[in-house]
Amino acid sequence: MPPPGLYDTCPHCQEAVPAEAWVCSHCRGGLAVDVRAAPVHDPRERYRLARALAALGPPFPGFVALQQLLGEPQPVLARRVTRAAAFELARGLEAQGLDFALRPSDA
């Protein structure tokens with residue numbers, strides 16, 4: 001996963017764009033992403049993960065919201081964030097051993 005500040009490719013036109021961009025300067029396509037995670041069924045593990053992720057701050061939601069989200073069948077931990085923010089979140093999720101995916105946000 002590229003670190004923030006580096007260029008990445010637009011999913012629409014494949015041109016290089018900054019990871020902090022919201023809109024591609026080449027094709028004007030939206031670049032916001034959602035950060036999705038695997039559900040966590042064990043309440044104790046959900047508590048631990050929510051506590052660790054909430055400590056990372058925005059764009060993660062707060063502790064209580066994270067605990068609820070992690071119990072959902074298809075948790076979306078952050079909606080409509082830049083790819084740079086998503087890469088930061090991904091590092092936190094990787095550090096906690098949580099499976100996740102970055103998906104383009106719905107327009």
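Filtered by the rule that a residue be among the hydrophobic types (A, V, I, L, M, F, W, C), assigned to a strand (DSSP E or B) and more than 12 Å from A38 (Cβ to Cβ), the range 80-104 gives V81, L102.
Open to solvent by 20 Å² or more (accessible area, probe 1.4 Å) and assigned to a strand (DSSP E or B) - does that describe any residue in the range 66-79? Within the range 66-79, one or more residues are open to solvent by 20 Å² or more (accessible area, probe 1.4 Å) and assigned to a strand (DSSP E or B). For A52, the conditions (1) open to solvent by 60 Å² or more (accessible area, probe 1.4 Å); (2) assigned to a helix (DSSP H, G or I) are fulfilled apart from (1).
Residue count for the range 20-41, restricted to those that are touching a helix residue (DSSP H, G or I) at 6+ places or on another chain (Cβ under 9 Å) and either in a strand (DSSP E or B) or of a type in the set (D, E, K, R) (or both): 5. Just to be sure before I move on: is D34 of a type in the set (D, E), surrounded by 15 or more Cβ atoms within 10 Å (Cβ to Cβ) and at pLDDT below 90 in the structure I sent? The answer is no for D34.
The values are calculated or read from the model by the stated rules, or taken from the named source; none is laboratory data. Small disclaimer: the values here were computed from a predicted structure and weren't measured. All Cβ positions, even for glycine, are placed from backbone atoms using ideal geometry, and neighbour counts span all protein chains on display. Areas reflect the complete protein model, heavy atoms only, side chains present, ligands, DNA and RNA absent. Shrake-Rupley method; radii C 1.70, N 1.55, O 1.52, S 1.80 Å.
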